[in-house]
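The values are calculated or read from the model by the stated rules, or taken from the named source; none is laboratory data. The shown structure was predicted, so the numbers you read here are calculated from the model rather than taken from an experiment.
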Amino acid sequence: MKKIIVLVLVALGAFAVYRKIQADRAELDLWTEATAASEN
């Protein structure tokens with residue numbers, strides 16, 4: 001039973017990291033687009 005709980009916690013942690021990376025990448029894309037538009 002403890003193995004299942006640990007596995008679920010590891011999966012949730014990995015999912016949280018994955019979502020954080022995606023959010024950071026999306027914000028960087030928006031920032032890049034906004035700054036590139038203002039330069040032109």
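A few comments on the model shown:
- Within the chain, being modelled with pLDDT under 95 and polar (S, T, N, Q) holds for THR32, THR35, SER38, ASN40.
- Residue count, segment 1-38 (criterion: more than 15 Å from the chain's Cα centre (by Cα) and assigned to a helix (DSSP H, G or I)): 17
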